[in-house]
Amino acid sequence: MAQHPEHGAHEAHDSHEAHGSLKSYVIGFVFSLVLTAIPLIVVLNDMLEGTAATVVLLGSAILQFVVQLFFFMHLKEEGKPRYNLMVLILGLIIVLTIVGGSIWIMANNQVA
Amino acid sequence: MASSGKPIISAPSHGVEQGHEEHHDLEGLRMMGFWIFLITDCILFGTLFATFVVLSDSTAGGLTGADLFEMPGVIAETFILLTSSFTSGLAVLSMNRGDRKGLIGWLAVTVLLGASFITLEITEFVNLVHEGAAISTSAFWSAFYTLVGTHGLHVSIGLVWMISIMLQLKRHGINSVTRRKVNIISLYWHFLDVVWIFVFTIVYLMEVM
């Protein structure tokens, strides 16, 4: 990138858009800090129990994942066709199948 | 170039710019290849998480995670890694401004934070083994050390990698190749942060809960 001087200004503008701004990184960082603090406060103060706590904990982690994807990894700014997104979705389907499937099978397979 | 920093396939261009375009396409393709690697790494961690969750009660009547986990250290590790993810982003921003000093500086900060993360993690492992929870103690601890250790190994490799990119930046400056390398290492670093968030939540918080 940016090897041709005549394209310098244009390229700088492009990469600025492509890789976010200081503002978007700071917003992402603040979001991550908050999303880390929420489950911590919940667990350390024993505020929730059972299913509710699990939902809050996993929900914060997934939101944190989304924040990192959009604010830090620039998933949204990908050009078309969106191969990165497609590969990501395929990967998530595989991961969910492996994790969900393992837990489901093994939960019904306890040698008590 | 296309509107994104990482066009995957752009229309073939003709004329004088062709050589440059092809070179650029190649760098874009390498970014794409790394992205695919990250997704396969996701699958690796997915299987390790599945194993951990399935074995989370299999402590063979011995010590559990809730007995031994020292949360202050883990919380420190979490915020350190989170901050290092942010500073690796700041490194990319410096690069986009063409600021090589800022770029190397922020990469150095990221390396320092990553090194403190690894130090804390090794300290934690040593303490756990001293308290009687080694990798062979029970299925739970085997799954624990495999999952957390694999993440730690990724971070350690990332540190060596980042230092070597800093050396290349010192020697060659910011060009299309080093630019792609910095983009890739920062992507890798954000990815490791994401994995750690799940380790923190599923391994530590849910065990202690």
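The values are calculated or read from the model by the stated rules, or taken from the named source; none is laboratory data. It should be emphasised that the depicted structure is a prediction, and the values quoted were computed from it without experimental measurement. For neighbour counting, all protein chains shown are included, and Cβ atoms are generated from backbone atoms with ideal geometry for every residue, glycine included. Areas reflect the complete protein model, heavy atoms only, side chains present, ligands, DNA and RNA absent. Shrake-Rupley method; radii C 1.70, N 1.55, O 1.52, S 1.80 Å.
For this structure, a couple of remarks:
- Legend: mean number of C-beta atoms from other chains within 10 angstrom of residue C-beta atoms, peptide A:86-99, equals 5.
- Per-residue mean of foreign Cβ neighbours for B:39-46 is 5 (Cβ atoms of other chains, 10 Å radius).
- Here the contact order of chain B, divided by its residue count and restricted to Cα pairs under 8 Å and six or more residues apart, works out to 28 percent.
- Accessible area of A:SER24 in the full protein assembly, 1.4 Å probe (Å², nearest 10): 30 Å²
- With all protein chains modelled, accessible area of B:ILE184 [1.4 Å, Å²]: 10 Å²
- GNM flexibility winner over chain B from B:ALA91, B:ALA115, B:ALA66 (Cα, springs under 10 Å): B:ALA66
- Heavy atoms of B:ASP57: accessible area, 1.4 Å probe, square angstrom to 10: 140 Å²
- The protein assembly as shown - mean residue ellipticity at 222 nm from DSSP helices (-39,500 (n - 2.57) per run, n ≥ 4, rounded to 500): -25500 deg cm²/dmol
- Evaluating 6.51 cos²θ - 1.76 cosθ + 1.60 at θ = phi - 60° for every residue in segment A:24-35, the Karplus couplings come out as 5, 5, 5, 4, x, 5, 4, 4, 4, 4, 5, 5 Hz, glycine and proline recorded as x.
- For chain B, the longest principal axis of the alpha carbon atoms and the long axis of helix B:100-130 meet at an angle near 20°.
- Phi-derived couplings, Karplus 6.51 cos²θ - 1.76 cosθ + 1.60 at θ = phi - 60°, listed residue by residue for segment B:145-162: 5, 5, 5, 5, x, 5, 5, x, 5, 4, 5, 4, 4, x, 5, 4, 4, 5 Hz, with x used for Gly and Pro.
- Counting Cβ atoms of other protein chains within 10 Å of each residue's Cβ and taking the mean over peptide B:196-207 gives 5.
- For the options B:GLY28, B:GLY61, B:GLY149, a Gaussian network treatment of chain B with springs between C-alpha atoms closer than 10 Å singles out B:GLY61 as fluctuating the most.
- Within straight-line cross-link reach of B:LYS101, lysines at Cα separation under 16 Å, skipping those fewer than 8 residues along the same chain: B:LYS170
- Inter-part distance, segment B:61-112 to segment A:61-112, computed on C-alpha centroids, equals 22 Å.
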